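The structure appears below as structure tokens.
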Amino acid sequence: MAGSQERDSIDDNIVTMLATDARLSYAEIGRKVGLSPSAVAERVHQLESNRVILGYRAILDKKAFGFSVVAFIRLTCDNNHYRPFLKILPSLDAVQECHHITGGDAFLLKVALPSLDLLEALIERLLPYGMPTTSMVLSTPVYRQQEEWLLKHAGFPST
């Protein structure tokens, strides 16, 4: 797979295996796709260079680290407050995700905090930028790892 050539079925299998278990060795992947460990390593490095694979991570439980409060905050934000909000956004450590959305609200934020007191302080910090509406997460009956969902819906082989 030189330069920016298209992925082939072997690349797709490698991506699927690493998305399922990023700790697989090149030797184990090679046995499954019929390549040597060095050939797998070369393909993985090319997939990383082409930004098909962006990184590797362990998925951690927020509660195990004391972050028991997860909430979604919708923020209405008029034109005067839009850019100032975007400037302070990187300083809001509790924000896990921020999406610019359509509809009556301008932003949807997913936040994680260790206490309701800190959630209240965050909401107060947002007030100068718009009207926040907060929904606390009680439970998560469906959680899909983004990579597995993406591969499934992109037609990649299942493991």
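The values are calculated or read from the model by the stated rules, or taken from the named source; none is laboratory data. On a predicted model such as this, the values are computed, not experimentally measured, just so you know. Cβ sites come from the backbone with ideal geometry, for glycine too, and all protein chains shown count toward neighbours.
In region 68-113, the qualifying residues are those that are surrounded by fewer than 15 Cβ atoms within 10 Å (Cβ to Cβ), closer than 21 Å to residue 137 by Cβ and out of contact with any Leu (no Cβ under 9 Å at 6 or more places or on another chain), and the one that is modelled with the lowest pLDDT is 103.
Restricting the search to region 115-159, which residues are assigned to a helix (DSSP H, G or I), over 19 Å from residue 85 (Cα atoms) and either touching a Ser or Thr at 6+ places or on another chain (Cβ under 8 Å) or modelled with pLDDT under 95 (or both)? Correct list: 146, 147, 148, 149, 150, 151, 152, 153. Return the residues of region 59-91 that are in a loop (DSSP other than H, G, I, E, B) and either out of contact with any Lys or Arg (no Cβ under 9 Å at 6 or more places or on another chain) or aromatic (Phe, Trp, Tyr) (or both); say none if nothing qualifies. Those that are in a loop (DSSP other than H, G, I, E, B) and either out of contact with any Lys or Arg (no Cβ under 9 Å at 6 or more places or on another chain) or aromatic (Phe, Trp, Tyr) (or both): 59, 60, 61, 66, 67, 77, 78. Annotation note: Cβ proximity below 6 Å between a residue of region 40-62 that is without any contact (Cβ under 8 Å) to a residue 60 or more places away in the chain and a residue that is surrounded by fewer than 16 Cβ atoms within 10 Å (Cβ to Cβ) and among the aliphatic types (A, V, I, L, M) (sequence gap 6+ or interchain) occurs for 56/22.
Which numbered condition in (1) in contact with a Pro (Cβ under 9 Å, 6 or more places away or on another chain); (2) closer than 18 Å to residue 108 by Cβ; (3) among the hydroxyl-bearing types (Ser, Thr, Tyr) is the only one that residue 82 fails? Result: residue 82 fails condition (1) only. Beta carbons closer than 8 Å, at least 6 apart along the sequence or on distinct chains, pair a first residue in region 92-103 that is without any contact (Cβ under 8 Å) to a residue 12 or more places away in the chain with a second that is part of a loop (DSSP other than H, G, I, E, B) for 100/106.
Between 118, 127, the distinction of being in the same structural domain as residue 88 (by TED's automatic domain parsing), within 15 Å of residue 67 (Cβ to Cβ) and more than 23 Å from the chain's Cα centre (by Cα) belongs to 118 only.
Scanning region 21-59 for residues that are more than 17 Å from residue 148 (Cβ to Cβ) and of a type in the set (Ser, Thr, Tyr) yields 25, 26, 36, 38, 49.
Return the residue satisfying two criteria in turn: it lies in region 15-33 and is assigned to a loop (DSSP other than H, G, I, E, B) and without any contact (Cβ under 8 Å) to a residue 12 or more places away in the chain, and of such residues it is farthest from residue 123 (Cα to Cα). My answer is 24.
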